[in-house]
Amino acid sequence: SSDLMYREWQLSGDYAFLRKNWGQVKKVLSYAWTEKGWDGNQDGVMEGSQHNTMDVNYFGPNPQMGFWYMGALKAAEKMALAMKDKTFAKKCNTLFRQGSIWMDANLFNGEYYEHKITDPETFEYLDMRNPDVKVPPFQLGKGCLVDQLVGQYMAHICGLGYLGDKEHIRTTLGSIMKYNYVKDFSRYFNNMRSYVMGDESGLLMASWPKGRLEVPFPYFAEVMTGFEYCAAVGMIYESMEKEALTCICAIRDRHDGAKRNPFSEAECGHHYARSMASWAAVIALSDFQYSGVDRRMHFTDRPGCYFWSNGYAWGTCTVTDDTATIEVLKGSLQLDKLVIGDKEKRLKNFRLASGENRIIKLS
């Protein structure tokens, strides 16, 4: 997707790489606009059939795919501007603005974002209040999904900013904690795979505080670490560190080496890649951002020693009240700007090689 391409371009700073692949990036995003596709009418809202990681198709606008789409549009706009493709940039900007406003106005229910189900054939919205309306199976509906802000999670990591109303995003993460976090699973029924049991804790895939669908998507009663980390990292970005660490500690307590393998958080198989979302907690806690395009690096201003990696090199940044010490442990680093919190330092001829460090005054 275009947000992943955007991430690689930013980390590399390689315009030739972007130029070489730009045509394909446009094709990939344009797939959303095919007739009777996800957003066939090109209004920024995905009314169509959307296959997803729950191994089902959601029919109609929903936050899980909706925010992925918003992030892809925002990333594509920035890449289009870099490629001087003004027409495509304008289209992505228009669809993003329309879609983002629509989702906040129509999917946010005051506590979290929900799913408005459409008819698979006509894409017309179903009246869920009418008992005679036939609802397709395996949908989310009014459920509170653990992964509803996955697109926002990726947008923060890529430095793309907010994809929806900031207060709505924070409220939603609070609702995920309120409705999906279970302290003790001893009396909780799950007919699928058991990745949590007994007196263990975790975040449910989905909850229905406003009434459950008769046939929800298959994994609704499960707990899976990749989704839990995603929600927890979102909480860190919203200054909900206590809640985030509660979720992360619950995962690690389950994988303590006695009950489960601490090096393999299984989902659909051992060493499942989605659990690598745990590394995003390191990025979120340090508020790390790097752009090879602008030669810019950013960290939180909270004192501490933080790990960084930009694809060419890795090292640490030690932050105090008035200084930042950059150390390169492997590779080489070139910077034009270092930002600590909201303090920006412009750096002239700043280059560090492996084994070198430099103290930078922040005043």
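A few notes on this one:
- Evaluation of Leu29 against (1) without any contact (Cβ under 8 Å) to a residue 12 or more places away in the chain; (2) touching a helix residue (DSSP H, G or I) at 6+ places or on another chain (Cβ under 8 Å); (3) under 25 Å from Gly99 (Cα atoms) (one fails), failing number: (1)
- Within region 178-199, residues that are closer than 11 Å to Glu222 by Cα sit with their Cβ atoms under 9 Å from residues that are surrounded by fewer than 12 Cβ atoms within 10 Å (Cβ to Cβ) and of a type in the set (Ser, Thr, Tyr), at 6+ positions apart or across chains, in these pairs: Met197/Ser186.
- Residue in region 197-210 that is modelled with pLDDT of 95 or more, closer than 30 Å to Val133 by Cα and either hydroxyl-bearing (Ser, Thr, Tyr) or not in a loop (DSSP other than H, G, I, E, B) (or both) present: yes
- Verdict on Phe88 being open to solvent by less than 60 Å² (accessible area, probe 1.4 Å), of a type in the set (A, V, I, L, M, F, W, C) and more than 30 Å from Asp14 (Cα to Cα): no
- Single match in Glu214, Glu228 (criterion: open to solvent by 20 Å² or more (accessible area, probe 1.4 Å) and closer than 22 Å to Tyr58 by Cβ): Glu214
- For region 2-52, the set of residues classified as surrounded by 17 or more Cβ atoms within 10 Å (Cβ to Cβ) and assigned to a loop (DSSP other than H, G, I, E, B) consists of Gly13, Gly37, Trp38, Asp39, Gly44, Val45, Met46, Glu47, Gly48, listed by residue number.
- Within region 219-274, tally of residues that are polar (S, T, N, Q) and within 18 Å of Asn190 (Cα to Cα): 1
- Selection of region 53-84 for residues being of a type in the set (Asp, Glu) and crowded, with 19+ Cβ neighbours inside 10 Å yields only Glu77.
- Any hit, region 311-325, residues being in contact with a Pro (Cβ under 9 Å, 6 or more places away or on another chain), polar (S, T, N, Q) and open to solvent by 10 Å² or more (accessible area, probe 1.4 Å): yes
- Of all residues in region 81-96, one or more are of a type outside the set (D, E, K, R), in contact with a Phe, Trp or Tyr (Cβ under 6 Å, 6 or more places away or on another chain) and farther than 20 Å from His168 by Cα.
- One residue from Asp39, Asp14, Asp55 being in contact with a Pro (Cβ under 7 Å, 6 or more places away or on another chain) and acidic (Asp, Glu): Asp55
- Qualifying residue in region 95-112 (condition: assigned to a helix (DSSP H, G or I), without any contact (Cβ under 8 Å) to a residue 60 or more places away in the chain and acidic (Asp, Glu)): no
- Taking first residues from region 347-363 that are over 17 Å from Thr323 (Cα atoms) and touching a residue at least 40 places away in the same chain (Cβ under 8 Å) and partners that are open to solvent by 30 Å² or more (accessible area, probe 1.4 Å) and in a strand (DSSP E or B), the Cβ contacts under 7 Å between residues at least 6 apart in sequence or on separate chains come to Ser354/Leu329; Ser354/Lys330; Ser354/Ser332.
- Looking only at region 247-273, and only at residues there that are at pLDDT below 95 and on the phi > 0 side of the Ramachandran plot, the one that is most open to solvent (accessible area, probe 1.4 Å): His271
The values are calculated or read from the model by the stated rules, or taken from the named source; none is laboratory data. Remember, it's a predicted structure, so these values are computed and weren't measured experimentally. Don't worry about glycine lacking a Cβ; one is built from the backbone with ideal geometry, like all the others, and counts go over all protein chains shown. Quick note on the areas: whole protein, heavy atoms, side chains included, nothing else; ligands and nucleic acids left out. Shrake-Rupley method; radii C 1.70, N 1.55, O 1.52, S 1.80 Å.
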